[in-house]
Each structure stands twice: as C-alpha cells, then as structure tokens.
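The values are calculated or read from the model by the stated rules, or taken from the named source; none is laboratory data. Predicted model only: the values in this text are computed from it and were never measured. No Cβ is skipped: glycine too gets one built from the backbone with ideal geometry, and neighbour counts run over all protein chains shown.
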Amino acid sequence: MNDRLDPYHRKRRFDETPEPAGAGVSSLRELAASPAIEGAVKARLPAAFKPQLATLVDSAPPGDDWSYEIKFDGYRVLIRIDRTAKGGAIKMFTRTGNDWTTKFSRQVAAFDHLDIESAWLDGEAVVLDNHGVPSFQALQNAFDLHRPQDIVIYLFDVPFLNGYDLRGVPLDQRRAILRALLDKVDAVDSLLRFSNDFGFSADELLRSACDMALEGIIGKRRDSAYMSGRSSAWIKLKCRRRQEFVIGGYSEPAGSRAAFGALLLGVYDGEGRLQYAGRVGTGFDAALLRSVKQALDAHETSRMPFARAPRERSRTPVHWVEPALVAECNFAEWTSDGIVRQASFVSLRDDKPARQIVKEAPRQGADVEQQIDTGSDAASKKRTASKKAGSAASTSDAAPESTAKKTAKAKAAKAQADDAKAGGETAVAARSKTTAEVAGVRVSHPDRVIDKSTGTRKIDLVKYYESVADWMLPHLRDRPVSLVRAPEDIGGELFFQRHSQKLAMPNVTQHAGLDPGHPPLLTVDTLAALVGAAQMGTVEFHTWNAVASSIEKPDRMVFDLDPDASLDWGRMIEAAQLTRSLLEELGLESFCKTSGGKGLHVVVPLAKQAGWDEVKDFSQAVAQHMATTLPKYFSAKMGAQNRKRKIFIDYLRNTRGSSTVAAFSARARAGLGVSVPLAWDEVASTTGGAQWTIENLHERLAGLKSDPWADYAKSRQRITAAMKKRLDEAR
C-alpha cells in the first residue's frame, strides 16, 4: 500500500494525536474552560442526550467543505460529566440511552482525571487487534470477559461543555476545543484518544481504509452544527454494504455443522411490518455458533414474525424466534426484490432496538450537499412568498409608531393574554386543548409548560411576543436573525438556528446568497413572522449588526458587558457608564439595554459605511483601551480566568455572522428575562440584567412617556481616522 495514504502508517497512526501548533494550545485550553464563543449558548447540562447520526451515501459530496475520519467498528458511547451530580460524576451511555457505566470502570476513572466540570462527550468504544485495527468481536469479548482495560474510547465531538451548549458552534471549532481537552492525555497508553481527521480526499482515504479491512469512513461538514438524530451534515461511506437486521428465525444445521445452519433476517418497512431480507450462514466460528444459539433459544416461538413467508425454500426445518435480536451483517448488495446477497455475520447488537431496524438506502453525495446548501424546494417557494408579504415593512428606518399607540397595543395584548391564562381562551382554543390561534398563526401545544420555575406556558410566550411586536419589530426588520429554540422547555435541549431548515417557519423571510455556501439567512419582518417563530419553539431572537439589504456594511457596533459572577450590580452600572463616557470622548453617541441575563449592552448606531473588519478592529481597540486603562475593572480577553472580579468587554459581537440578543427578546433562562432598552438616566436605578420579564414588562411599557431609544434611528455615525488615532495614541 502507498504509505502516504495509509492512516495506520507508522509516522502517523489514526490513534496518535498530532501536536497542535504551540501558539494556539494554551488559548484553546482557556477557551475550553469557558467556551463563550459565537454559537455557544449558556445552558444547564441536560440529563439525557441523543447523538447525531450519519447518513449512508454511495459517493462523497464534491468540494472541500468536508473532513473525514475513520469509521470505527465499535459501540457508540455518550459520556456525561457533572461534578455536582449525586451518585457519580461520570456516566456512560449507549446511543439509545442505556446506562453502561459499570461496563467502563477504567474509562470512567480516566474521564474523572480530565479538567472538565460538566460536559456531554461523543465517541466510540473499540478494541484494537494486534495490527491496531478495531475489532468488534474483540470488543464483545472484552465485555463478556469483564476486561474494560482492553477498551479504548475514541472521542470526536463535544456538544456540551462547562455550562455551555456548543451544538451551534461549527464542527471544526468544537473539535479544536475537544483536542485541547485531551492535549495532556498520553495518546498511546491512554484509554481516551482523539479521533483524528485526515487531509486526504474521501476517495483516497476510503480506498486506504478498505485495503486495511476497515468498515469505512465518516464525513462531516466542517461548519456544521451538532444535531441529534440522522443528519445529512454527517455521512458514512462503507467499504462493503453493512447494516443491522432483525433475526426472525433460523434453519437447523446440516452435516457436521452444530447449533444452526443460517439466520433468517428481516427489516421493518414504513408501516411497521417486518419484511424478510434473506439469510446469513457464514462468519461464525464454533464459539459464536454456541453463543448465538443460546440467544435464539431464549426467544423461540411458534409464530412466524415476518409479514410474508420467505419465498426461499430451506433444505432443513426452520424455527421462528421473536423479533427481538439484532444481527449486524455485511453483504454485497440488495437484490431488486429486497434480499441481501453474499451476507456474512459480524455480531449480535444489544445496543440497538429491533424496532428501529430498517433498510438503509445510500444516497448520492451530491444530493446530500444540495440538501445542506439549498434546503427544500418548498422552503424556496416560501421564501419568495414571504418576501412579497413582508416587503411593505422591510426597512428598519421606517417612521416609528408613537409610544402611546405602541403602549396601548401592548396593554390590549397583555390583557388578552391574562384572560387566556385565567381560563378564558379564544374560540379556537376552547374547541381544542391542543391548539390555539394568535395573530392568524396556529399554535400547537399551547399549554405546554416551557419554564418550570414560573409555570409559564408556550401560549404565554407567544402572546408576549404579540403584545410587544410594535416595540420589537423595528429592531428585527430586515436584520438576519439567529434563533434559540426550545422544542420542549428551556430546561431541556436548546437549538441554535441561523439558517433556514427543511421545516420552514411560518411567514419568516428567507434570503438566499447572503451567507455563501450555506442555506438562506432568515429575517423576522412582520407580526405573523414573529408569532410564527415563537410557535416553532423560538425563545430568543439574536440579530446581526447589519441589515439584509446592506449585509457587508454594519449599521451598529455592540459592546456586551459580561460580569464575573462575584460582582454586584453596581459594578455593572459603573461599567456601562464608563463605556458611554469613553465613546462620547471619541465622538460617538451610544444607547444602553439590559441583556435579559446578567449584563448590559452598549449599542452604537453607525452609518452603513465601514466594513466588518474595520468595525471589529475598532471595537477591539476600544475594549483593549478600557482594559488597559482600568485593568482592575475590565478585561478584553475571553475566558472565566481572565475576568475574575472583572467585567469582560465582549467586542466579538461585531464580527460577520455574529449576533446579539434583540431588544424585547426573552431569554431561555429561568424566569424568562427580557432584553429592555433604557434611557441613560435610567441605568443607575436598574437592579439587574433580568429585571424585566415577559410577566412584568407590560408594567414598564405602560409607564413610559416616550421611547427611551427614540433618537436611535436618527443617529448614524462614522468611525473616523481621528477616532482611531486617539485610541492608537492612548496605547
């Protein structure tokens, strides 16, 4: 074999982690300690977690947007680390959620030595043979003989880490953080190893893997988020067709053969019926024949489990078994009538439920790429219709509605929401407990509790957004959004969505081409779109610093003041006022709002003149100047260790693609705090970043005599050479 393509070549085996570049290691370790980066969402560690699964393809997608790893022949494992948990900080689960912690005693001890407070890690448990190649039979032997010391865990993803949900962070960044976590682990002797990706083309790596009798390779979109369930962003290419089958029976042995002759295989169809799929009689040794026969005997039945009797005639009698056992087999191909050819037995699988076993049909690599990049045709049609519907209200510079009118509408909507909460639902809701209607949008599961700390229901949040639409929409119109969605409740899994998906949101506008190489960006331009997004589980709305109609020219600059948890609110007020003073000295007017969480945002409106790099560089210079001038108060470096007793001035909100929670957006935290615009003379009297919630914001709006940000739309300022010079001179 050509050594250059051999992933097991001595110079770099797949189980050896290459040394990261020295300059980046320490910074990655710091980032891992507190991964507050774009796409990360602060979140409690979920009690349960479902992994992302790969889609079988018959060829690799075109382009350089994919990275490729070895497809390990082992058990998928998910590792939960929680130092605050009672009954053990480390738990290990199968992909279906079975707790296998006791089977991995040595690995649990190894995970316990990692410098991690909380996490979900994703990996594969394997045993390597004498040639360093994963062997599934050896893995089963290790379990049967209680030899956890033989098992190696290859880790390839980190969906949650140290208080942050990283699923919205691009794959390459998640893996860089994971590599840093494992950097001090001995890559040769350790039971924990990093799953490397290789700089070869998919065809070259697959050819090399097949030559080594491996199962195949896994491809992953470098910029993809982590999504539980089957995803086209992860693909698998196999050396030989291989999948799981349900065992429905077996034939008696003939000649000198013992135990049984062949297993009768099946897969479930779309209607839940078990369809016969052929036989497998090779791949067994004497010990395997005996152990499989014992499992068959425990499930023998007189009833045939297949939807139709097998058409193949058996020379020996057939025994039926309950459809409970799962066999993994490799084979040459499927015939036109749904039968596998040249099947060979690999192993029994007790980590996969029989009811989930279906025929795996490979897709074309180009089709997968198209789905990821363009979305469905229906979504495209929806985009066109939504643009037409929202065009009359698509500019963020439209004349603002009067404060009195907005307040009156908010009061009316709040009263309606209160009536519903007391039991006086709308006519639609009265007819059906499972649906309601708000602003012409059908709301499913309206009574589902989304915040258990307050009892707030989904319908309460939807009606909140209806009540504040006139205040909120000027901050949303024509501005690409990133959405934080909670399909169940805010204590469960949260999803960060930046682009359109196959399941389109009602009335949300899609903008193709604004983010090259990705599906369309989204804007929320109308009341129907705002309510539609809330109906689809959206809790938080985060907006870009530019509008879709001028995407390369930011029209605002944001400083997110993020305090160390030990600081009191008075320090936050002082920090905001100091930031305003510096900006005023530079000649820039700024506006302030609560974050809805624990901090404040200082926002500088800009004319659409400078590009992204210029605005980001200027904001960084401002943050660094404040950190240098007042080092006891401020830090311009990310990471909890850099902000002890300090406030981190987050200027990274000003990069292309980054976003900041929108004014009047709720936050997916206990109490559902709201980001609220303030007048500067109000800041000193505030009591916290989540002072207002979806329950009490109406009280503030009802008491306003004028919009605190009434002058925002008129303030269009430029970053000048004189401003940059003043900052440079102050260094």
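Tabulated values for the structure
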read-out	value
Residue that is farthest from Asp115 (Cα to Cα) [pool: residues in region 23-53 that are at pLDDT below 90, small (Gly, Ala, Ser) and surrounded by 15 or more Cβ atoms within 10 Å (Cβ to Cβ)]	Gly39
Any chance Thr102 is in a helix (DSSP H, G or I) and surrounded by fewer than 20 Cβ atoms within 10 Å (Cβ to Cβ)	yes
Members of region 588-602 that are touching a helix residue (DSSP H, G or I) at 6+ places or on another chain (Cβ under 8 Å), modelled with pLDDT of 95 or more and not acidic (Asp, Glu)	Leu588, Ser590, Phe591, Cys592, Leu600, Val602
Flag if Gly517 is at pLDDT below 90, closer than 23 Å to Ala48 by Cβ and in a loop (DSSP other than H, G, I, E, B)	no
Top-ranked residue of region 507-522 - restricted to ones that are free of Cβ contacts under 8 Å to residues at least 60 places away in the same chain and more than 20 Å from the chain's Cα centre (by Cα), ranked as farthest from Ser549 (Cα to Cα)	Pro516
Verdict on Gly703 being at positive phi and either free of Cβ contacts under 8 Å to residues at least 40 places away in the same chain or touching a Ser or Thr at 6+ places or on another chain (Cβ under 6 Å) (or both)	no
Of all residues making up region 188-220, the number that are over 21 Å from Ala119 (Cα atoms) and either of a type in the set (Gly, Ala, Ser) or not assigned by TED's automatic domain parsing to the domain that holds Ala110 (or both)	8
Selected residue (criterion: surrounded by the fewest Cβ atoms within 10 Å (Cβ to Cβ)) from residues of region 187-219 that are acidic (Asp, Glu) and over 18 Å from Leu121 (Cβ atoms)	Asp189
Hits in region 555-594 (condition: in a loop (DSSP other than H, G, I, E, B), out of contact with any strand residue (DSSP E or B) (no Cβ under 6 Å at 6 or more places or on another chain) and over 25 Å from Arg700 (Cα atoms))	Asp564, Ala565, Ser566, Leu567, Gly587
Filter result for Gly599 (surrounded by fewer than 15 Cβ atoms within 10 Å (Cβ to Cβ) and of a type outside the set (S, T, N, Q))	no
Single unsatisfied condition, Ala679 versus (1) touching a strand residue (DSSP E or B) at 6+ places or on another chain (Cβ under 6 Å); (2) modelled with pLDDT of 95 or more	(1)
Candidates Lys724, Lys705, Lys644, Lys637, filtered to the one that is under 17 Å from Glu584 (Cβ atoms) and modelled with pLDDT under 95	Lys724
Verdict on Ile177 being in contact with a helix residue (DSSP H, G or I) (Cβ under 6 Å, 6 or more places away or on another chain), of a type outside the set (D, E, K, R), in the same structural domain as Gly219 (by TED's automatic domain parsing) and within 30 Å of Asn330 (Cα to Cα)	no
Region 207-225 residues that are under 30 Å from Phe160 (Cα atoms), paired with ones that are outside any helix (DSSP H, G or I) and hydroxyl-bearing (Ser, Thr, Tyr) (beta carbon under 7 Å, 6 or more apart)	Ile217/Tyr68; Ile218/Tyr68; Gly219/Tyr68; Lys220/Ser67; Arg222/Ser67
Subset of region 451-477 [part of a loop (DSSP other than H, G, I, E, B) and surrounded by 24 or more Cβ atoms within 10 Å (Cβ to Cβ)]	Val468
Residue pairs meeting the criteria (Cβ under 8 Å; at least 6 apart or on separate chains; first over 20 Å from Leu483 (Cβ atoms), in region 538-555; second aromatic (Phe, Trp, Tyr) and in a helix (DSSP H, G or I))	Glu552/Trp612; Pro554/Trp612
